[in-house]
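Read through the structure below, which is laid out as structure tokens, and then see the notes.
The values are calculated or read from the model by the stated rules, or taken from the named source; none is laboratory data. Everything quoted here is computed from the prediction, not taken from an experiment. Neighbour counts are summed over all protein chains in view; Cβ atoms, including those assigned to glycine, are modelled from backbone coordinates with ideal geometry.
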Amino acid sequence: MFNNLNKYLSDNPTLRYWIIRPEWVAVFLLIISIIVSIQLSPFFADMAFILDSATPYVEYGLIAIILTMVIISGEIDLSIASMIALTAVIFGTFFNAGYNLPISALFAILAGLLCGLFNGILVTKLKIPSIILTIGTLTLYRGIAQAMASDFSLGGYPSWFVGIDYRYIGIVPIPVIIFVIFSLIVGIVLSSTIYGKQLYLIGTNPETAKYSGIKVDKIKLLIFGLSGLISGVAGVLGTSRLAVARFNMATGAELEIVLMVMLGGTYIFGGRGNIFGTFIAFWIVVILRSGLNVANIKIESQLTILGAMLIIAIILTNYIYSKSQK
Amino acid sequence: MPLFDKFLRIRELGILSIILIVVIGASIIDIRFLSYDSWRAVLLAIPLILVMAMGQMMVIICRHVDISIGSILAFSAIIIGLVFIQFPNTSLLAAIFITAIVGAFLGLVNGLIVTKFNVHSIIVTLGTLSLYRGLVFIVSGGRQIDRNDIPLHIISFSQTSYIFSIPGILILSTVIVLLTHLIMKHSIIGREIYATGSNPTAAHLKGINVTKITLFVFGVCGMLSGIAGLFYASRFGYVNPGVTGVGIEFIVIAGVIIGGTSITGGSGSVLGTFLGILLLGIINVALPVLNIPGGYQKAIYGIIIVAALALDQFIIYRMKIIRGSKYV
């Protein structure tokens, strides 16, 4: 029967194109995680609760959207979590030095942009592989944050700024709205503009892209800069949510962010993937995490599950791509 | 002067001169830096990192990176701690053997996933980094292994002297470093590791079993990180599931890359890696002497890693011009 199905699919390439796609893995996993979470605890099935528990992950989700673009272009940025911490600390330092709040936020986001551009310049000009370079800058940015803030919590913000996750429109918290709008915009840019198409071509074959007249280095630089910029936004959002900025914010968050992108079916070697997958994967992580929390499973044990899921996601995506190639 | 010319071409020369600059600079500012105590501190701090760096160097020469070593260290340290609680009379040799087996197993799991599914090792080990750390919490139940759980003969392994007042971990790590040098330079498998790292496709066509080599380097890297777990328990006298080995992978990778091991695989030496780790150890001890707060340590390591990466890329670029070849 399976052979028949295979034959039927290979006779109908359009149908096959729609059925054999890694994003369906994400949708499938989302349904499974919802069912499992409801089984684990009866208190889980509450829309307001799920939306509420999504707010801490919005910062990671925003970056995961951008990281999807970075990975599609064939690079990777692992310094994202450190950039969150660094920009948050810069924000806190400027605010405590007497600058007013919007100016400090601007400085923090600009600092994020600079960090991202620094990554981008080293990758495009010096041709250092981004996967190892961003491991270096991961240490560097976190180190600068630690040197700036040492072990202090930088707080003392006005009350209108603190607690963005407690502001709602209807039952939807504002960070979730920001995330949905942002992923819509990036999704449209990626799927239906010329820049999106160029990005996919760069990831598939940078040499060909270069000879087709695409400014490969410029676009990569832009994407890395964007990754830093959004990390800066996430740093400010995180500070608003926690009311303090510390150097050890978002420690180990690169695992969750990369997990979101990988679960969404983005191909680690570049050229394939889309925002829809990452968007679904964001909700998988949210539901899994909050479901495990409600079921009283320790945070440390959740690490094991997330780590295992990352590996399974990569293996599945690779398998499906190798199938769809035939 | 061909001899002088050859001397200038030694790749470790750069790092050696940086070490000399740091040492001379620090001793000009404060002569106490040259005292016996500060050098003893340097030499006691590095064996743990050095042993892990030997494994990581093999992995990086083979064009992979293993960032799960910190969690492997914690896992084997927790396991040996639990063994000590049950059997306080476990001998040192048995402890080394157990940690080596545990570490090698976890390393082989990394290697199996990388070779079976052909995924980039950094992403795989980013996953196992959390996976193993979670296992550490599950196995230990979140409890710390205390100082009085670890028997005296294990503690004394890193403190009392066996020969010429040299502590045991220093002797064992020296033996491991020398063995690694022998394997890398004078054995068939060592040469095959270099060949695989320079060009995996060519190595495969030449009849080298690339899968076997990859499994070997990941296994050895895990094994040495496991032994480092015993070093940790012995040196610090406690094992905490949330603290032990967190972030150590970046220090190790920093040391290996500073030591001139190329991230594109195929080149690197034991001597260079040793000097890289020595430089990090010296900086660690020099910071308080130079009146720099400890919080700056990570930033300084970060600057060193990025600078070393840029330098490495610059050297590769120069080699391309000298040899006129695309492949180095």
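Here B:ILE189 meets each of (1) within 14 Å of the chain's Cα centre (by Cα); (2) without any contact (Cβ under 8 Å) to a residue 40 or more places away in the chain with one exception, condition (1). For beta carbons closer than 6 Å, sequence separation of 6+ or different chains, a first residue in the stretch B:123-138 that is buried (at least 23 other Cβ atoms within 10 Å of the Cβ) and a second that is among the acidic types (Asp, Glu), the qualifying pairs are B:THR125/B:ASP66; B:GLY134/A:GLU300. Which one is nearest to A:SER191 (Cα to Cα), of the residues in the stretch A:239-275 that are of a type outside the set (D, E, K, R) and in contact with a strand residue (DSSP E or B) (Cβ under 8 Å, 6 or more places away or on another chain)? Residue satisfying both the conditions and the ranking: A:THR239. Of the candidates A:VAL186, A:VAL176, A:VAL180, the single residue that is at pLDDT 90 or above and surrounded by fewer than 19 Cβ atoms within 10 Å (Cβ to Cβ) is A:VAL180. You will find that of B:VAL270, B:VAL289, B:VAL246, B:VAL256, the residue that is among the hydrophobic types (A, V, I, L, M, F, W, C), closer than 28 Å to B:TYR36 by Cα and surrounded by fewer than 20 Cβ atoms within 10 Å (Cβ to Cβ) is B:VAL289 and no other. Whether a residue is under 19 Å from B:THR128 (Cα atoms), hydrophobic (A, V, I, L, M, F, W, C) and facing chain B (nearest Cβ under 8 Å) was assessed, and A:ILE299 does not pass this test.
With respect to the conditions (1) over 12 Å from the mean Cα position of the chain (by Cα); (2) surrounded by 18 or more Cβ atoms within 10 Å (Cβ to Cβ); (3) in a loop (DSSP other than H, G, I, E, B), A:ASN296 lacks only one, and its number is (2).
Mind checking which residues of the stretch A:118-157 are more than 7 Å from chain B (Cβ to nearest Cβ) and more than 23 Å from the chain's Cα centre (by Cα)? Of everything in the stretch A:118-157, those that are more than 7 Å from chain B (Cβ to nearest Cβ) and more than 23 Å from the chain's Cα centre (by Cα) turn out to be A:LYS125, A:MET148, A:ALA149, A:ASP151, A:PHE152, A:SER153, A:LEU154, A:GLY155, A:GLY156, A:TYR157. So, A:LEU40, is that one in contact (Cβ under 8 Å) with a residue 12 or more places away in the chain and either out of contact with any strand residue (DSSP E or B) (no Cβ under 9 Å at 6 or more places or on another chain) or under 21 Å from B:VAL306 (Cα atoms) (or both) or not? Against the criterion (in contact (Cβ under 8 Å) with a residue 12 or more places away in the chain and either out of contact with any strand residue (DSSP E or B) (no Cβ under 9 Å at 6 or more places or on another chain) or under 21 Å from B:VAL306 (Cα atoms) (or both)), A:LEU40 qualifies. Filtered by the rule that a residue be more than 20 Å from B:LEU178 (Cα to Cα) and either more than 14 Å from chain A (Cβ to nearest Cβ) or part of a loop (DSSP other than H, G, I, E, B) (or both), the stretch B:275-285 gives B:ILE282, B:VAL285. The residues of the stretch B:275-305 that are over 27 Å from B:ILE60 (Cα atoms) and small (Gly, Ala, Ser), listed by number, are B:ALA286, B:GLY294, B:GLY295.
Any chance the stretch A:219-239 includes a residue that's touching a helix residue (DSSP H, G or I) at 6+ places or on another chain (Cβ under 9 Å) and within 14 Å of another protein chain (Cβ to nearest Cβ)? So far as the stretch A:219-239 goes, no, none of its residues is touching a helix residue (DSSP H, G or I) at 6+ places or on another chain (Cβ under 9 Å) and within 14 Å of another protein chain (Cβ to nearest Cβ). From the list A:ILE314, A:ILE268, A:ILE223, A:ILE219, the lone residue that is under 22 Å from A:ALA26 (Cβ atoms) and either assigned to a helix (DSSP H, G or I) or of a type in the set (Asp, Glu) (or both) is A:ILE314. I'd like to check something: does the stretch A:163-186 contain any residue that is within 22 Å of A:VAL244 (Cα to Cα) and within 14 Å of chain B (Cβ to nearest Cβ)? No: zero hits. When A:VAL236 is tested against the conditions (1) crowded, with 24+ Cβ neighbours inside 10 Å; (2) touching a Leu at 6+ places or on another chain (Cβ under 9 Å), the lone failure is (2). Scanning the stretch B:111-124 for residues that are more than 10 Å from every other protein chain (Cβ to nearest Cβ) and either at pLDDT below 90 or farther than 21 Å from A:LEU133 by Cβ (or both) returns B:GLY111, B:LEU112, B:THR115. Taking the stretch A:43-57, which residues are without any contact (Cβ under 8 Å) to a residue 24 or more places away in the chain and small (Gly, Ala, Ser)? Of everything in the stretch A:43-57, just one residue is without any contact (Cβ under 8 Å) to a residue 24 or more places away in the chain and small (Gly, Ala, Ser), namely A:ALA45. Determine whether the stretch B:149-165 contains at least one residue that is away from chain A (no Cβ under 14 Å), within 21 Å of the chain's Cα centre (by Cα) and surrounded by 15 or more Cβ atoms within 10 Å (Cβ to Cβ). Looking for residues that are away from chain A (no Cβ under 14 Å), within 21 Å of the chain's Cα centre (by Cα) and surrounded by 15 or more Cβ atoms within 10 Å (Cβ to Cβ), one finds at least one in the stretch B:149-165, hence yes. Residues that are within 11 Å of chain B (Cβ to nearest Cβ) and modelled with pLDDT of 85 or more do occur in the stretch A:262-278, at least one of them.
Of all the criteria given as (1) more than 11 Å from chain A (Cβ to nearest Cβ); (2) farther than 22 Å from B:PRO47 by Cβ; (3) crowded, with 24+ Cβ neighbours inside 10 Å, the one not satisfied by B:GLY302 is (1).
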